[in-house]
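Here is the structure we will look at.
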Amino acid sequence: MKRKAKSGLPYLLFAYVAVLAGALDWLENTLELRFLDDVEGFPKRLFFFHSIVATLKWLALPIVLAGIALLHKKPNKKEISTK
C-alpha cells in the first residue's frame, strides 16, 4: 500500500516566517538607528510604526521556534517507509 507524501506546506510556511522575522528585525534596527540619530525630530507616527514592527517580529518568534522543533522531530516508526 502506497502512502501519500507529506505536504511541504508547514516547512515552506516556516521558511517564509523566518525570513519575514529577519526582515522585521532589520527594519526595527534601522528605525532605532534613525531614532537615535535625531531623538527630538523623530516623528511620532514613525515611532508608532516601529512599535508595530517590533511586536510583529516578536509574534513571529514562536512560529519560528515551532518550525525548528518540527525540523528536529524524530520520525515515528510508522512514518518511516520501506521500499
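The values are calculated or read from the model by the stated rules, or taken from the named source; none is laboratory data. Computed from a predicted structure; not experimentally measured. For neighbour counting, all protein chains shown are included, and Cβ atoms are generated from backbone atoms with ideal geometry for every residue, glycine included.
Data overview
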{"item": "Output for segment 16-38, where each listed residue is closer than 19 Å to Leu70 by Cα and without any contact (Cβ under 8 Å) to a residue 24 or more places away in the chain", "result": "Tyr16, Val19"}
{"item": "The lone exception for Ile52 - which of (1) in a helix (DSSP H, G or I); (2) at pLDDT below 95; (3) over 14 Å from the mean Cα position of the chain (by Cα); (4) of a type outside the set (Gly, Ala, Ser) it fails", "result": "(2)"}
{"item": "Residues of segment 23-48 that turn out to be surrounded by 12 or more Cβ atoms within 10 Å (Cβ to Cβ) and not in a helix (DSSP H, G or I), as a count", "result": "1"}
{"item": "Failed condition for Pro62, given (1) at pLDDT 90 or above; (2) surrounded by 12 or more Cβ atoms within 10 Å (Cβ to Cβ)", "result": "(2)"}
{"item": "Verdict on Ser81 being modelled with pLDDT of 90 or more and over 21 Å from Phe14 (Cβ atoms)", "result": "no"}
{"item": "In segment 65-78, the residues that are in a helix (DSSP H, G or I) and either modelled with pLDDT of 85 or more or over 28 Å from Val17 (Cβ atoms) (or both)", "result": "Leu65, Ala66, Gly67, Ile68, Ala69"}
